[in-house]
Amino acid sequence: MTDVVEYKKYLPSYRSLLNPNARYDYKTHLLVPLLQQDINSIVARFQKRQQASRKSSLQMKYRSLFTDPSLKSLRMSQRSALPHTLAATRTFRGRCSYFWQLPVEIQNIVLTHIDDRQSYLNLSRTSRAMYHITQPFLYRSISFTSTYRFAQFITCLRLNLSLGLYVVNVDLSSIVPGYSKSKDGINAADADDDGPGVEDTLSNSLAGWRDWKYKNNPLIAPHPAPVVPIARVLPQVSLHAHSPLKRIKWAKYFKLKRSQSDATAAPPVASHKPPPVLIQSHQSTHPRISKFLLNYAQSNDVPTGYVLHLINICPNLESVNFAGLTFFTEYRIKLAYLRQYQRYDLMKNFRKDARRTIGEFGPSQYHHTSGSFGAPVFPSNCTGGDLAQCASSVFSLNSLAKPMRKNNSFLPPLGPPVNELTYTTEGDRTVYLSDLNLRKINANHLYSVLPDEIFVDLGKRSYSLRHLNMSLMIWVNLKLVRTFLLQTLAHGLQTQMVHGKERLVYNGTSYEITDETEPALSTPVGANDSTGLQELDLSNSGMYKNLGWAKKINLNTYEGQKTVYRILNNEVMTDFEEYVVRQRIRTGRPGENYFS
């Protein structure tokens, strides 16, 4: 027990906060004053430790409290992130000198305050990254005045379905004919003559969707005139190919011709001036109508198949305006014969690398998140690395050639090529006659498509559709409107017994003719602004004038819900007919024949 305990080995040197310049000695149990050198070393050691802790805190990264990700998983997550997002994250600690250095979320917020479409176009042409960011704003609201541009847009959508996710508002009511002036006596027969009226029509008429359809047809598509040389070029005839007698005859002939040409000297040919250098802008001029399609210069019709493509490829439609649009007769290609017409598809109008180019400029991974859009768009069964499995269960992509009987005699026959399999799953999986560069086709390969399918496909967008304008259309009838409302408003319809009759009630409110006062709406006006159809414009539609259902229906008003109730229960009346019925009920129906 006489051993001395070495306190310094187990206990640290104790320094009191009241007297920091002294140290406690455990042996003598006394305070020993510190020298200035010891104090300086303690202060330097403390500052060094503080700087090291500050540097480590700045370099520390966020880690979840629930999981401990490994270094390998962190590297994989960094590789899968977007490159422009990572670049913006690295440079965010410093001062951002350029707009593209900001995070993508901030860039989108800034672009939402721009209401000028031309500004979006200018931004999209600056760089590829800016094109990706401005693309949703460019395609959000689209409108067309030419059927040629509308046909181009539909073909582009079929090449890249992802572009349809951006389309929210569509306006086709502003489509006008390619030639607005009325010229008498201009038809296809007059197109063979070079009269001044025909030339004026050709120069002033814009191309339509038929010009896009027959763009690669050599018999219809307009081609540039051949370049005529200024000087006459004579064929070079080899003198060794003829006998000496023929050589003498040729020499005399050319000598006589040369003497005649010297006597009648032709005026000198003016020197060809090179055309002025034009500064090409990003906007291309609209093409002119073909000479063989001059009969359609004053037509503004649109194929029904193009409209069906637009509805099926764009799942986020909120506002659709088809007012006054004329639909062309359409036919759908049967699925069994679809592969036979692949080489005639209008997607061939673009260059061969158009599919790859459009795919590169398509939506990025940031825009494919589930929260950005409400519904998926027709997923393809043959995408990416599954092409080999879809093509054949036996052969790989490298062995899609015709099998040899010697080696593969016991194997099943090879199916259709991969390009044919992918063609049947492209777009919305339907091909119409307007999508093919054909003038004649076997009628057994087609079946007709009616404009009624437009209402059927629009009813499938009931989760997003808010405003629909189908005014000034004579083919619309009450049956189509009722079927569309039953499909669109299915979430708010109920069956109730009203005055002993079974009625379809929307939002729990009935509107009988015998009711003298307006019933109180179960849902206040404007309460349904966020979900479901809000407005249906059917003004001046149908085969007759002043129809009871052919009006603008606002489902947030009393009159709108009343009209919907009448349509659903097949009790549509005009205001005058409803007034007459109420007067008869009020006066006891005098003069009515009770014995009939």
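The values are calculated or read from the model by the stated rules, or taken from the named source; none is laboratory data. These numbers were taken from a predicted model, which means no experiment stands behind them. Cβ coordinates were reconstructed from backbone atoms using ideal geometry, including for glycine residues, and neighbour counts include every protein chain displayed.
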Across the range 294-346, which residue is nearest to the chain's Cα centre (by Cα) among those that are farther than 19 Å from Thr145 by Cα and in a strand (DSSP E or B)?
-> Asp345
What do you reckon, is Lys348 exposed (fewer than 14 other Cβ atoms within 10 Å of the Cβ), modelled with pLDDT of 55 or more and of a type outside the set (Gly, Ala, Ser)?
-> no
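Matching residues to (1) within 23 Å of His286 (Cβ to Cβ); (2) of a type in the set (A, V, I, L, M); (3) part of a helix (DSSP H, G or I):
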| position | (1), (2), (3) |
| --- | --- |
| Thr126 | no, no, no |
| His132 | no, no, yes |
| Ile142 | yes, yes, no |
| Phe150 | yes, no, yes |
| Leu157 | yes, yes, yes |
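Residue by residue, here is whether (1) closer than 20 Å to Ser173 by Cα; (2) aromatic (Phe, Trp, Tyr); (3) modelled with pLDDT of 90 or more holds:
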residue	(1), (2), (3)
Gln280	no, no, no
His309	yes, no, yes
Asn316	yes, no, yes
Lys334	no, no, yes
Lys352	no, no, no
Pro363	no, no, no
His367	no, no, no
Checked Arg117, Arg125, Arg140 against criteria (touching a His at 6+ places or on another chain (Cβ under 8 Å) and surrounded by fewer than 17 Cβ atoms within 10 Å (Cβ to Cβ)); the one match is Arg125
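Yes or no, residue by residue, for (1) surrounded by fewer than 19 Cβ atoms within 10 Å (Cβ to Cβ); (2) charged (D, E, K, R); (3) touching a residue at least 12 places away in the same chain (Cβ under 8 Å):
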site	(1), (2), (3)
Pro287	yes, no, yes
Phe292	yes, no, yes
Asp301	yes, yes, yes
Gly305	no, no, yes
Ile313	no, no, yes
Asn321	no, no, yes
Lys334	yes, yes, yes
Name the single residue, out of those in the range 158-176 being of a type in the set (A, V, I, L, M, F, W, C) and over 8 Å from the mean Cα position of the chain (by Cα), that is surrounded by the fewest Cβ atoms within 10 Å (Cβ to Cβ).
-> Val176
Residue among Tyr565, Tyr594 that is at pLDDT 80 or above and not assigned by TED's automatic domain parsing to the domain that holds Leu317 = Tyr565
